[in-house]
1. Given the criterion within 11 Å of another protein chain (Cβ to nearest Cβ) and under 23 Å from B:M320 (Cβ atoms), identify the matching residue among B:I188, B:I214, B:I226.
2. Give me the pairs: first residue in the stretch B:236-256 and at pLDDT 90 or above, second residue among the charged types (D, E, K, R), beta-carbon distance under 7 Å, and six or more apart or on different chains, which are they?
3. Scan (1) in a helix (DSSP H, G or I); (2) more than 8 Å from chain B (Cβ to nearest Cβ); (3) without any contact (Cβ under 8 Å) to a residue 12 or more places away in the chain for the single condition A:T101 breaks and write down its number.
4. Would a scan of the stretch B:69-78 turn up a residue that is at positive phi and more than 14 Å from chain A (Cβ to nearest Cβ)?
5. Report yes if some residue within the stretch B:1-13 is over 30 Å from the mean Cα position of the chain (by Cα), surrounded by 14 or more Cβ atoms within 10 Å (Cβ to Cβ) and not aromatic (F, W, Y); otherwise report no.
6. Is it the case that B:G229 is in contact with a Lys or Arg (Cβ under 7 Å, 6 or more places away or on another chain), of a type outside the set (S, T, N, Q), within 24 Å of B:A324 (Cβ to Cβ) and buried (at least 22 other Cβ atoms within 10 Å of the Cβ)?
7. For B:L157, work out the one condition from (1) over 16 Å from B:L237 (Cα atoms); (2) assigned to a helix (DSSP H, G or I) it doesn't fulfil.
8. Which ones in the stretch B:210-232 are among the basic types (K, R) and either more than 14 Å from B:A263 (Cβ to Cβ) or modelled with pLDDT of 90 or more (or both)?
Amino acid sequence: MLLFSSIIIGIMFTVAIYLILENRLLPVLFGFGLLTHAANLAILTMSKNPIGKVAPIIKSGVTNYVDPLPQALILTAIVIGFGVTAFLVVLIYRLYTASGTTRIVTLFNEEISTK
Amino acid sequence: MIHMLQSLIDNIVVLPFFIALVTGLVGIIWRRPCTSRRLFFSISAAIQMVLAWYLIFLTHKVKILFLPLGAWKAPFGISIAIDVFGSLLIGVTTMLSLFAILYLFATTKKDKENFLLLPLIQFMIAGIVLSFSTGDFFNLFVSFEIFLIASYGLLTLKSDEKSIKNTFPYLGVNVIGGTLFVLGASFIYGMFGTLNFADISAQTSNLSQDPKLILIASYLVLVFGIKAGFFPLFYWLPRSYSCLPPPLAALFAGLLTKVGIYAIIRTLTTIFPLGLVSIYSAIGYLSIFTMVIAIIISLSRTNIREILCYNLISHIGFLMASIAIFSPISLTGGIFYMMHHMVVIASLFLISGLIVQLTKTDVLQNAGNVWKTHGFVGLLFLIQALSLAGLPPFSGFWGKFLILREAIRFDQLSLAIAIVLASILTLLSMIRIWFHVFLKKNESLKIGPSPKGFKRSTTVVSILVLFSLAMGVFSNPFINASNKAMTGLLNKTSYENKVLVYEQTLKMIPVDKNGHSKQSSEKKQVSPIHSHPGQQKTKNGHHKNENYQLKSIPNTVSKKEVLDGTSVH
């Protein structure tokens with residue numbers, strides 16, 4: 001289980017980095033989203049193997065609960081990631097309306113030449 | 001009534017954070033910019049400053065102020081723990097926020113003020129204060145994100161094309177940094193099963209040679225290095241900071257990078273065992289590159305704010321050098337230098353704002369004549385420039401002197417040479433500004449009468465300059481305070497004891513079956529440390545006979561052994 005999820009995390013990070021290095025802003029946006037999710041999955045993996053454990057709701061006679069803390073942490077991280085992604089969407093939209101392109105090379109080359 | 005008063009005193013630890021947050025929220029509801037709104041914000045900032053200074057006073061008495069949020073015991077709930085180091089930085093932070101707000105009021109017209117500007121500043125201050133006061137790794141991440149999101153907002157507030165373009169790299173770097181931070185938190189949780197500073201510290205106290213620990217510590221240094229603007233990671237900084245208006249640039253430059261340095265110091269002292277020599281030497285090499293390369297780049301710039309930005313990065317290198325040497329005195333110097341640098345770089349950015357008000361440009365070639373018409377601004381600039389370069393009566397000298405002295409004492413000559421070289425080049429870059437802006441005669445530039453609000457903003461800046469001057473001339477109390485902060489950082493057992501074996505005032509123990517067994521095992525682990533002899537031997541205010549407890553330094557670092565009471569001066 002641990003091996004499986006670590007392979008998935010690795011693939012997610014690879015894809016995210018590939019997308020971030022793209023030349024257009026939209027793949028970059030998706031890359032950032034995927035990157036935060038890969039990190040969230042990494043936290044979830046830290047709660048060890050969940051097979052055979054029950055949800056963290058206290059019942060009498062049950063002792064093997066899943067570690068609840070990583071789930072609480074992920075909830076926080078997801079909310080923060082959501083906020084940042086929303087901001088990023090607006091930022092990219094503004095960049096697009098201001099300069100009519102989402103290609104990073106043209107966006108930032110123009111700036112250098114106008115200096 | 002007495003009970004309420006008692007709980008207020010207990011909760012004073014979170015008050016600076018809380019007041020900033022509430023003020024920001026009120027500012028979002030109360031939107032129309034007017035005089036009373038400005039008055040409200042400045043009074044709130046003043047209250048935060050007074051409270052923060054009261055916290056400094058308190059931490060000097062009881063060393064560590066601790067509050068378990070919701071009365072959940074330490075390893076389980078989020079703990080807020082402010083030691084002397086944290087309280088000093090909170091004091092400087094709130095002071096800078098007050099002065100930046102006052103400067104802002106003096107220079108911008110009421111009808112041109114964006115209603116989000118002041119709330120966002122308050123949110124940023126709240127996040128920074130929380131990160132200086134938290135005792136929990138994940139909470140540190142949350143507070144980082146609070147001030148980062150506020151700073152994205154501040155950067156794009158003008159919402160013109162240039163600022164949005166410059167925000168994009170800043171945002172990208174910080175999103176990646178934040179992700180790496182979460183990943184680091186997950187590694188720590190996986191290794192130690194806890195995110196509480198004190199708990200990690202108790203568990204790692206005899207693991208200082210463990211390669212896994214060294215790996216994760218260096219990973220964290222990388223993560224915080226992105227925030228601090230280390231040598232290979234600083235390209236985003238001048239780009240985004242130089243497009244901000246002066247008071248915001250002052251806040252960003254003074255505070256944001258220092259949070260990264262704070263987190264590195266906290267990680268390497270409070271959280272992880274002392275004596276991770278390989279990491280110190282890696283930081284040392286990085287600091288040499290940061291100091292020298294950034295200052296050389298600053299000499300090639302032609303824009304006052306960009307020059308200041310690269311100076312800022314170069315001086316981050318000095319702070320890293322103090323961490324790299326990692327002796328008690330060098331850390332004292334580093335902490336002192338950090339406070340000095342927050343004040344000085346912020347006031348230099350404000351002075352650059354004054355210059356722009358006068359000459360309407362911040363390109364060196366187009367400026368000039370200022371010394372003749374406005375000599376007082378020149379005087380302010382001169383004091384802060386010499387302080388930045390580190391000339392004797394000014395505040396920059398003492399921190400640099402302590403760091404340099406320790407570098408020579410521990411035979412780290414390359415570090416010492418880099419410090420001296422970077423200081424000289426700092427002086428050179430400051431002289432460039434001095435010559436072009438103040439002394440040069442520029443026929444095509446006419447400086448008219450002082451613009452509106454110029455007098456008030458100059459007054460604000462000169463109070464800040466006076467403070468920094470006082471730090472240099474009456475340096476003793478400041479050095480004593482930083483020495484006390486350093487002792488608190490290296491005295492890990494007292495931090496652990498305070499947080500983990502905390503006697504609860506409220507009889508509310510969380511009922512958790514899982515947790516209960518862990519809690520009892522925790523107590524067993526901590527209790528031998530608790531009865532450690534000589535724990536409370538430190539004498540107040542006497543930095544000469546401090547009793548450093550470098551308990552977990554292995555034999556391999558014998559040259560960095562406990563100092564035998566050598567004096568600071």
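1. Just a single option satisfies the conditions, and that option is B:I188.
2. These pairs meet every condition: B:A249/B:R305.
3. (1)
4. Yes: one or more hits.
5. Taking every residue of the stretch B:1-13 in turn, none turns out to be over 30 Å from the mean Cα position of the chain (by Cα), surrounded by 14 or more Cβ atoms within 10 Å (Cβ to Cβ) and not aromatic (F, W, Y).
6. No, not satisfied.
7. (2)
8. Of everything in the stretch B:210-232, just one residue is among the basic types (K, R) and either more than 14 Å from B:A263 (Cβ to Cβ) or modelled with pLDDT of 90 or more (or both), namely B:K212.
The values are calculated or read from the model by the stated rules, or taken from the named source; none is laboratory data. Worth saying up front: this structure is predicted, and the values here are computed from it rather than measured. Using ideal geometry, Cβ is built from the backbone for each residue, glycine included, and neighbour counts are taken over all protein chains shown.
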